[in-house]
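In what follows, a structure is listed as structure tokens, so that the remarks can point back to it.
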């Protein structure tokens, strides 16, 4: 999801990405991708001092367009791409 990999151009398929403001973390994970629809699951975690993993607070599914808009908005607010902060669960098999 790192939209800065190719400035001005988004990846053709949704990609996993992590972004943080130093206190909170958003994890973008592709869920559905086909010709007609693309969606990502976005999980919000809060970093807790002294804890190994963030406290997971919220999870929701967004369209690709909504996810890109949220990522861009957070970057403008000073959030930066970061390394993975926890091991996400494997998606269910369909």
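The values are calculated or read from the model by the stated rules, or taken from the named source; none is laboratory data. Since the structure is predicted, the reported quantities are computational estimates derived from the model, not experimental observations. Cβ coordinates were reconstructed from backbone atoms using ideal geometry, including for glycine residues, and neighbour counts include every protein chain displayed.
Let me spell it out: the conditions are (1) surrounded by 10 or more Cβ atoms within 10 Å (Cβ to Cβ); (2) in contact with a strand residue (DSSP E or B) (Cβ under 9 Å, 6 or more places away or on another chain); (3) modelled with pLDDT under 90, and residue 5 meets all of them except one. Which number is the exception?
It is condition (2) that residue 5 fails.
The rows are residues; the columns are (1) under 15 Å from residue 16 (Cα atoms); (2) without any contact (Cβ under 8 Å) to a residue 40 or more places away in the chain.
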{"site": "49", "(1), (2)": "no, yes"}
{"site": "53", "(1), (2)": "no, yes"}
{"site": "57", "(1), (2)": "no, yes"}
{"site": "61", "(1), (2)": "yes, yes"}
{"site": "65", "(1), (2)": "yes, yes"}
{"site": "71", "(1), (2)": "yes, no"}
{"site": "74", "(1), (2)": "no, no"}
{"site": "77", "(1), (2)": "no, no"}
{"site": "83", "(1), (2)": "yes, no"}
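Considering only region 49-67, how many residues are in contact with a strand residue (DSSP E or B) (Cβ under 6 Å, 6 or more places away or on another chain), within 16 Å of residue 82 (Cβ to Cβ) and surrounded by fewer than 16 Cβ atoms within 10 Å (Cβ to Cβ)?
Result for region 49-67: 1.
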